[in-house]
Amino acid sequence: MTSADALPRLARHALPALGAHLLSPQWREPRIGIVHLGIGNFHRAHQALYTEEAMLAAGGDWGICGVTLQGDLGKRDTLMAQQGLYSVVERGPHGANVTVVRALREVLAMPHDHAALFARLADPLVRIVSLTVTEKGYCRDPKTGEVALDDAAVAHDLAHRLAPRTVPGILVAALRERRDSAGNAGTAHGKPFTVLSCDNLAHNGAALRQVVCSFARQLDPSLADWIAAEVAFPSTMVDRIVPATTGAERATAAAALGYRDAAPVPCEPFRQWVIEDRFPGGRPAWDAVGAQLVGDVTPFELAKLRMLNGTHSTLAYLSMLGGFGTIDAAIADPAMRNLIHAMMTHEIAPTLIVPASFDLLAYRDALLERYANPALKHRCAQIAMDGSQKIPPRLLGTIAARIEAGQPFTRLALAVAAWMMFLRGHADDGTRYEISDPLGDRLTALAASARGEPQALLAALLSVREVFPAHLAAQPRFTTALHDALHLLHENGARGATAASQ
């Protein structure tokens, strides 16, 4: 037994003794006004923290019911054993700051808590349903933007509309109940909740709206029309580096609090949240605590998607090949830092149109500083997951903009080529790693069929239409740049290719 195991469990009765680790000792337990689908580390270090601060600043019943969609009873039971409390361990170059968060009031696990979830979604006090479920959680056909009808889980939900498992299925079932509740006592009286996507997906609100409406149309066209007319789907841009929890966070939290926290969340000091201000049913005072409420999120989300997410993926795939385990270790390599600096300066920033107040070069420098944070240890393997979902918005959109402008994109091509080489399942020194991707079996089979030959690898992977649209896969400038980058990686390895591509 470790010293932390011997400590009492974190719980609400301990709050009076934890004043130094609370945002404020003043606290009124709020009723639940937000249901959040996808209660992972990112939400708990980002939106939940903003929401607690907003309630402290301006009041309101915006307590959070968090929902795990993967049947994760362990997460539910761990957090509920702590009465929803957990700590955020903010790690910067000068040490760690530990804050206990109180905004999470309930945790449910689907499908086990189906009845409890739908009772909560029908509660008129719930005015926002937010989500962080990653791109694959949207069950979205990448070609059309509609719900993916060939998805087995979607097919299940269409056949069992009262027992949905997917995000679109759950939202449509709950919104149907809201619509049909008009005039019933104790219900939301036909008023919908606002659906707030907080995922790294371009135009995430509009994308989610299209998926939900297309799913609803399969069941009831009138319901789809009602959702399209009555339900707000504001877009957002979220930013904070939040790695996976390790034993180090548990030890840090225990040492600071004197209580055992089984669910701490590590994160960097930086955070940003830009929100389209469209909330017919009201919202927390997020703007009072640093969030930016705007009329159009697009310039901010595109800058983040291309500058941060694009270079994050670049670092991840080159690092998996070259043997760097974490982002800070990768960016400490001078050749890697120079590559990322040049990519942002010369290839990404020129594709962006941002408000005059947004200094892209200052943003570049802040990103490089964040990547170099030695305390965070953000694992490259974590960022490398789900590449088939991430490559198109993070890198291919920027490449398309460069092609349209008649400008070179050698560094961006190297990033895509590194992902292709990554799919072989081994680093340049032969070290093997797992491929975690919704298309993993298919992609790794295609990569294996190429037998290490760059041209064969290029031809095989360019055929995957979920990643590479036909018009781009047939674009000579694109295929030539990828061909050259793959040969550079094949002949020199990731480290040599990085040094040669600055």
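The values are calculated or read from the model by the stated rules, or taken from the named source; none is laboratory data. Because the structure is predicted, anything quoted here is derived from the model rather than measured. Glycine gets a Cβ as well: all are built from the backbone with ideal geometry, and neighbour counts include every protein chain shown.
Residues in the stretch 413-451 that are more than 24 Å from the chain's Cα centre (by Cα), over 25 Å from residue 502 (Cα atoms) and hydrophobic (A, V, I, L, M, F, W, C) were compared, and the one that is surrounded by the fewest Cβ atoms within 10 Å (Cβ to Cβ) is 445.
Just one of the listed residues (310, 322) is touching a residue at least 24 places away in the same chain (Cβ under 8 Å), farther than 30 Å from residue 140 by Cα, in contact with a helix residue (DSSP H, G or I) (Cβ under 8 Å, 6 or more places away or on another chain) and outside the structural domain of residue 275 (by TED's automatic domain parsing), and it is 322. It is to be established whether one or more residues within the stretch 105-127 are modelled with pLDDT of 95 or more, within 19 Å of the chain's Cα centre (by Cα) and not acidic (Asp, Glu). No: the stretch 105-127 contains no residue that is modelled with pLDDT of 95 or more, within 19 Å of the chain's Cα centre (by Cα) and not acidic (Asp, Glu).
When residue 6 is tested against (1) within 19 Å of the chain's Cα centre (by Cα); (2) not assigned by TED's automatic domain parsing to the domain that holds residue 132, only condition (1) is not met. Among the residues of the stretch 192-206, those that are over 17 Å from residue 226 (Cα atoms) and hydrophobic (A, V, I, L, M, F, W, C) comprise 196, 198, 201, 202. From the list 46, 36, the lone residue that is touching a helix residue (DSSP H, G or I) at 6+ places or on another chain (Cβ under 7 Å) and at pLDDT 95 or above is 36. Of the set (1) within 21 Å of the chain's Cα centre (by Cα); (2) surrounded by fewer than 22 Cβ atoms within 10 Å (Cβ to Cβ); (3) under 14 Å from residue 264 (Cβ atoms), all apply to residue 70 but (3).
On inspection, residue 356 does not qualify as assigned by TED's automatic domain parsing to the domain that holds residue 419, crowded, with 17+ Cβ neighbours inside 10 Å and at negative phi.
Of all the listed residues (252, 236, 166), the sole one being touching a residue at least 24 places away in the same chain (Cβ under 8 Å), of a type outside the set (A, V, I, L, M, F, W, C) and closer than 23 Å to residue 51 by Cα is 236. The residues on offer are 76, 44, and the sole one that is of a type in the set (Lys, Arg), over 22 Å from residue 270 (Cβ atoms), crowded, with 19+ Cβ neighbours inside 10 Å and assigned by TED's automatic domain parsing to the domain that holds residue 101 is 76. Selection within the stretch 352-374: residues that are within 26 Å of residue 320 (Cβ to Cβ) and touching a helix residue (DSSP H, G or I) at 6+ places or on another chain (Cβ under 8 Å). The member of this set that is modelled with the lowest pLDDT is 374.
When residue 230 is tested against (1) buried (at least 16 other Cβ atoms within 10 Å of the Cβ); (2) modelled with pLDDT of 95 or more; (3) acidic (Asp, Glu), only condition (1) is not met.
Among the residues making up the stretch 318-350, those that are within 18 Å of residue 414 (Cβ to Cβ) and under 23 Å from the mean Cα position of the chain (by Cα) are 318, 319, 320, 324, 327, 330, 331, 340, 343, 344, 348, 349. With respect to the conditions (1) under 25 Å from residue 126 (Cβ atoms); (2) surrounded by 19 or more Cβ atoms within 10 Å (Cβ to Cβ); (3) not hydroxyl-bearing (Ser, Thr, Tyr), residue 12 lacks only one, and its number is (2). Residues that are of a type in the set (A, V, I, L, M, F, W, C) and surrounded by fewer than 20 Cβ atoms within 10 Å (Cβ to Cβ) number at least 1 in the following strands (runs of 3 or more DSSP E) confined to the stretch 80-134: 95-101. Counting the residues of the stretch 290-301 that are more than 23 Å from residue 58 (Cβ to Cβ) and surrounded by fewer than 22 Cβ atoms within 10 Å (Cβ to Cβ) gives 3.
Considering (1) small (Gly, Ala, Ser); (2) within 30 Å of residue 128 (Cβ to Cβ); (3) part of a loop (DSSP other than H, G, I, E, B), the lone condition that residue 356 does not fulfil carries the number (2). Scanning the stretch 158-190 for residues that are modelled with pLDDT of 95 or more and among the polar types (S, T, N, Q) turns up just one, 166.
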